[in-house]
């Protein structure tokens, strides 16, 4: 058994800190679902690619995670995230301050 086996985490973040935090959780056994914007994570567009054509930074930070693309500015995307969070133990996010609140997905709404 691993330290976080049985823990389900949702990651709403991009660039480094939230993806790295959830990477560590995945490596410790958590089931991590990464939520990306409709255009995908910015790291998907970096020029340094591995032999499979994926940017190395994206591959590193998202190993062991499942991914879903949601438009959190639209009610349908917000509803899907609420359903994901309802069944999760942890939400990790590093969007701009107040962004989750503007989407109607702040702490008070999701807790």
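The values are calculated or read from the model by the stated rules, or taken from the named source; none is laboratory data. Keep in mind the model is a prediction, meaning the values are calculated, not measured. Neighbour counts are summed over all protein chains in view; Cβ atoms, including those assigned to glycine, are modelled from backbone coordinates with ideal geometry.
Numbers at a glance
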item	result
Within the stretch 1-22, considering residues that are in a loop (DSSP other than H, G, I, E, B) and within 12 Å of the chain's Cα centre (by Cα), the one farthest from residue 39 (Cα to Cα)	16
Selection within the stretch 2-16 - modelled with pLDDT of 95 or more and exposed (fewer than 13 other Cβ atoms within 10 Å of the Cβ)	3, 5, 6
Residue count, the stretch 71-104 (criterion: within 14 Å of the chain's Cα centre (by Cα), in contact (Cβ under 8 Å) with a residue 60 or more places away in the chain and assigned to a loop (DSSP other than H, G, I, E, B))	5
Any hit, the stretch 46-63, residues being in a loop (DSSP other than H, G, I, E, B), exposed (fewer than 13 other Cβ atoms within 10 Å of the Cβ) and touching a helix residue (DSSP H, G or I) at 6+ places or on another chain (Cβ under 6 Å)	yes
Close pairs from the stretch 57-70: first within 10 Å of residue 40 (Cα to Cα), partner modelled with pLDDT of 95 or more and assigned to a helix (DSSP H, G or I), Cβ under 7 Å, at least 6 apart	70/77; 70/80; 70/81
Test result for residue 25, more than 25 Å from residue 2 (Cβ to Cβ) and either touching a strand residue (DSSP E or B) at 6+ places or on another chain (Cβ under 7 Å) or not in a helix (DSSP H, G or I) (or both)	no
Selection status of residue 43, touching a residue at least 40 places away in the same chain (Cβ under 8 Å) and either assigned to a helix (DSSP H, G or I) or over 23 Å from residue 111 (Cα atoms) (or both)	no
Among (1) within 14 Å of the chain's Cα centre (by Cα); (2) at pLDDT 90 or above, the one test that residue 42 misses	(2)
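Residues are listed down the side, and each one gets a yes or a no for (1) surrounded by 16 or more Cβ atoms within 10 Å (Cβ to Cβ); (2) at pLDDT below 95; (3) farther than 13 Å from residue 11 by Cα; (4) touching a helix residue (DSSP H, G or I) at 6+ places or on another chain (Cβ under 8 Å):
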position: 24; (1), (2), (3), (4): no, no, no, no
position: 32; (1), (2), (3), (4): yes, no, no, yes
position: 75; (1), (2), (3), (4): no, no, yes, no
position: 83; (1), (2), (3), (4): no, no, yes, no
position: 86; (1), (2), (3), (4): no, no, yes, no
position: 96; (1), (2), (3), (4): no, yes, yes, no
